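Enquirer: A single structure is presented below for examination.
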Amino acid sequence: MTMLRHLIAPAAIAALLLGASCSRGGEGAPAVPKPDAWPRIEIAPEAYGRSIEGFAVNDSAIIVPGDSAGWYTLSYPCYGPSARVYLTLARPQRGALADAVANRIERMALNAGGGRSQLTELTSEGGYECRIMTTPAGTVTPVQFLAFRRNGGEIVSGALFIDGAATAEPDSFAPVVRAVERDIVHALKHLK
């Protein structure tokens, strides 16, 4: 009998431990940190009460004018010090729009570094032709954009810059890329 008890006790304990460790997740299940997990990033709400010459800016961003007219940096303190959008608003000289657009498209391709990218095209409410290129891995500029109006000659361009993104795991900064891309899509859709 004691021999049987010595065999059953370890088997029962093992079954209890196995059952506890294999519980199903779902609603109400406690979060379990992973050894290589990244901290969850608080995403800025979709609130756009400000703009720079018609380019809507998320209320969570800080607008810093650049040294030259039409140059701005949008920093997002909620995403840390490394996430910044560099924004340029320009009016090329008459006849130089096509060259300026071609130059910016070439720059976007070079910044992607041959990485796999997704290109989204849309036309804004104000008639701007817009392109958004997202490169989720291997570049410090995972989101780049260009908007231009052929009849008006204006160009709006920029890029999300994240320090260290070229060598970091894409999952570590993916929420920031999605959130800023969302803000850029909103700004370009409503550009007038």
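Enquirer: So, of the residues in the stretch 128-158 that are at pLDDT below 95 and more than 21 Å from the chain's Cα centre (by Cα), which turns out to be surrounded by the fewest Cβ atoms within 10 Å (Cβ to Cβ)?
Expert: Result: Asn151.
Enquirer: Moving on to the next point. Counting only residues that are within 24 Å of Ser124 (Cβ to Cβ) and surrounded by fewer than 17 Cβ atoms within 10 Å (Cβ to Cβ), how many does the stretch 159-184 have?
Expert: Adding up the residues that qualify gives 2.
Enquirer: Moving on to the next point. What are the residue pairs meeting all of these: first residue in the stretch 49-67, first residue within 12 Å of Leu87 (Cα to Cα), second residue modelled with pLDDT under 95 and of a type outside the set (Phe, Trp, Tyr), Cβ atoms under 9 Å, and 6 or more apart or on different chains?
Expert: Close Cβ pairs satisfying both conditions: Glu53/Glu154.
Enquirer: Consider Leu110 against the criteria (1) touching a strand residue (DSSP E or B) at 6+ places or on another chain (Cβ under 9 Å); (2) without any contact (Cβ under 8 Å) to a residue 12 or more places away in the chain; (3) of a type in the set (A, V, I, L, M, F, W, C): it satisfies all of them except one. Which criterion is unmet?
Expert: Tallying (1) touching a strand residue (DSSP E or B) at 6+ places or on another chain (Cβ under 9 Å); (2) without any contact (Cβ under 8 Å) to a residue 12 or more places away in the chain; (3) of a type in the set (A, V, I, L, M, F, W, C), Leu110 fails exactly one: (1).
Enquirer: Looking for whichever is part of a strand (DSSP E or B), in contact with a helix residue (DSSP H, G or I) (Cβ under 8 Å, 6 or more places away or on another chain) and at pLDDT 75 or above here; the options are Val64, Val85. Which one fits?
Expert: That would be Val85, the only listed residue that is part of a strand (DSSP E or B), in contact with a helix residue (DSSP H, G or I) (Cβ under 8 Å, 6 or more places away or on another chain) and at pLDDT 75 or above.
Enquirer: Within the set of pairs 6+ apart or on separate chains, which have a first residue in the stretch 159-183 that is farther than 15 Å from Thr141 by Cβ, a second that is of a type in the set (Val, Ile, Thr), and C-beta atoms under 7 Å apart?
Expert: Close Cβ pairs (under 7 Å, with a partner that is of a type in the set (Val, Ile, Thr)) amount to Pro175/Ile41; Pro175/Ile43; Ala179/Ile43.
Enquirer: Does any residue of the stretch 92-101 turn out to be on the phi < 0 side of the Ramachandran plot, crowded, with 16+ Cβ neighbours inside 10 Å, part of a strand (DSSP E or B) and in contact (Cβ under 8 Å) with a residue 40 or more places away in the chain?
Expert: No, there is no match, as no residue in the stretch 92-101 is on the phi < 0 side of the Ramachandran plot, crowded, with 16+ Cβ neighbours inside 10 Å, part of a strand (DSSP E or B) and in contact (Cβ under 8 Å) with a residue 40 or more places away in the chain.
Enquirer: Still on this model: When you check Glu27 against the structure, is it under 30 Å from Ala166 (Cβ atoms) and at pLDDT below 95, yes or no?
Expert: Taking the combined requirement at face value, the residue does not satisfy it.
The values are calculated or read from the model by the stated rules, or taken from the named source; none is laboratory data. Quick caveat: nothing in here was measured; it's all calculated off a predicted structure. Ideal geometry is used to build each Cβ from the backbone, glycine not excepted, and the neighbour counts take in all protein chains shown.
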